[in-house]
1. Starting from 0.36 nm per residue, how many nanometres of slack lie between Glu49 and Arg32 once their C-alpha separation is accounted for?
2. Would you rank Glu410, Glu252 by solvent-accessible area, highest first, keeping every protein chain in place and using a 1.4 Å probe?
3. Would you look at the GNM of the chain, springs on alpha carbons closer than 10 Å, and say which of Leu56, Leu262, Leu237 moves the most?
4. Running a GNM on the chain with Cα contacts under 10 Å, which residue among Lys80, Lys44, Lys413 ends up with the highest mean-square fluctuation?
5. Lys/Arg Cβ at +1, Asp/Glu Cβ at -1, dipole of the chain taken about the Cα centre: which of Leu122, Ile225, Tyr288 is farthest positive-ward?
6. Sequence-distant or interchain residues sharing an amide H contact under 5 Å with Ala331, placed H: which?
7. When ligands, DNA and RNA are left out and all protein chains stay put, how many square angstrom of accessible area per residue does the stretch 362-430 have with a 1.4 Å probe?
8. Based solely on C-alpha atoms, express the radius of gyration and the Dmax of the chain in angstrom.
Amino acid sequence: MSERLRAMFCDHLSIMRGKYLPASKMRDDESRFAQPNFSVHYDKDLLLEAPGTKCLEGLPDMALRWKAEEIRPGWEPATKVVLGDLYQGDGTPLPLCPRGALKRAVAAWARHGLTPKVGIELEAYAFTRNEDGKIVPYDNPGGVVYGTGNFTDPRRFCDAIWNKAHEIGLPLDLITAEYDTPQFEFTLTFDTAVEHVDTVVLFRQMAREIALDHGVILSFLPKPIPGKGGSGLHVNLSFTDRNGQNALAKGERGDPDDLSDLAHGCIAGWMRHHKAIAGLTAPNALSYARLQPASLSGYWCNWGGDNRNVTVRVSAEGGKKARLEHRMPDAAANPYTTVATILQAALLGYEGRYDLPPKETGDGFTGNDAGHGVAASLAEAIDDLAADTALSAAVGQGLVDNHIFMKRAEVEKTAALEGDALRDWYIWYL
Ligand code: GLU
Ligand code: MG
């Protein structure tokens with residue numbers, strides 16, 4: 001097979017789109033796509049009125065631009081991969097570009113001399129198709145929480161993912177089985193924000209493609225099986241200062257009762273914008289089946305120490321390892337948009353010197369002192385986002401307006417679906 005370049009971007013639906021291009025494109029270059037890509041829905045419906053997409057202005061091109069130095073090994077034979085940023089026909093950045101929104105958020109923190117460091121944990125369920133074509137959970141009756149080996153993964157698709165990730169330099173920290181079966185967790189080594197999210201979207205796509213080669217549909221949907229645990233995309237965050245030190249740290253231990261000003265500001269931002277953050281980071285019709293009390297996900301507007309039942313967890317590790325974990329997002333969200341949202345809400349809290357409510361004292365099962373959670377449905381979460389003008393402007397009004405329009409359409413499209421039918425409406429794409 002001759003050498004080729006697979007140039008890609010992660011769109012508003014968290015779908016990877018791209019093209020195979022000849023080896024001559026392996027340099028600083030671009031490729032053009034129709035801007036109305038951002039009007040397309042999961043069911044392939046083209047929504048002409050979607051803001052910022054120019055469907056009714058001749059469906060013009062946008063350009064995906066990349067740098068030679070960002071070209072990296074791919075997982076297919078003779079194929080390198082690259083991610084880029086999207087620009088409009090007049091050469092200005094496309095406001096809808098999720099990677100662009102993340103770059104803006106990183107630049108906003110750089111004004112304080114701080115570089116965000118991000119580490120993402122991905123959870124996913126495995127499915128197969130039976131003889132009738134019906135999608136059914138992967139058969140691993142011997143699977144257990146923290147399971148490894150072939151009782152947990154009889155087809156050994158996780159081994160293939162592990163090996164390929166290491167062969168091509170995608171830094172995987174761990175693969176394990178989650179509490180429910182057949183659910184798996186993949187954690188990638190933390191890095192600067194854009195570089196890390198690039199790795200995450202490539203890893204997620206690679207994992208889905210390798211799983212499919214093994215007859216497995218690996219789904220990052222937030223709640224694909226009613227009654228079993230949800231799948232999250234937990235975001236771990238720290239910052240380095242100009243001297244390369246961890247700026248979140250105060251002491252050698254992570255102590256929720258002795259936070260640095262930076263940690264205080266970030267958590268305060270997340271608490272004040274809690275409901276609107278959901279609209280961007282949990283943007284799926286199944287997200288609100290996952291985000292429920294006592295689900296170890298980010299339902300409640302609360303924070304605490306080493307406690308899996310609060311939304312924001314202050315790691316017990318301090319010093320160089322000091323970090324905050326935000327547990328609300330799920331992998332149906334665009335990971336660039338998710339991290340941009342987490343960073344911008346934190347910055348609003350830090351710059352605005354927001355007050356921080358007291359830490360949670362309840363155990364999350366038998367009681368809570370958090371006053372409220374997130375919305376009960378995607379429709380309400382999108383209303384909460386629309387009402388939060390400060391967060392919307394910070395993330396990028398153009399991106400948020402398109403998101404609100406497309407998600408309101410998704411609410412209508414999925415309203416009559418439930419159970420397996422709702423899951424299967426999404427499953428080939430997420
Ligand atoms: N599966 C849980 C979620 O939906 C998280 C479980 C954990 O890893 O602590 O976020
Ligand atoms: Mg987990």
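1. Details: separation 17, 0.36 × 17 = 6.12 nm, distance 2.17 nm.
Going from the current span to full extension adds 4.0 nm.
2. Numbers: Glu410 0, Glu252 155 Å².
Output order, biggest surface exposure first: Glu252, Glu410.
3. Of Leu56, Leu262, Leu237, the most mobile in the Gaussian network model is Leu56.
4. Lys44
5. Leu122
6. The list, which skips near neighbours in sequence, is Leu233.
7. Working: 3050 Å² over 69 residues.
Computed with neighbouring chains in place, this is 44 Å² per residue.
8. My reading of the Cα-based Rg and Dmax gives 20.7, 62 Å.
The values are calculated or read from the model by the stated rules, or taken from the named source; none is laboratory data. This is a predicted model, so every value here is computed, not measured. Virtual Cβ from ideal backbone geometry, glycine too; neighbours counted across all protein chains shown. These area figures cover heavy atoms from the full protein model, side chains too; ligands, DNA and RNA do not enter into them. Shrake-Rupley method; radii C 1.70, N 1.55, O 1.52, S 1.80 Å.
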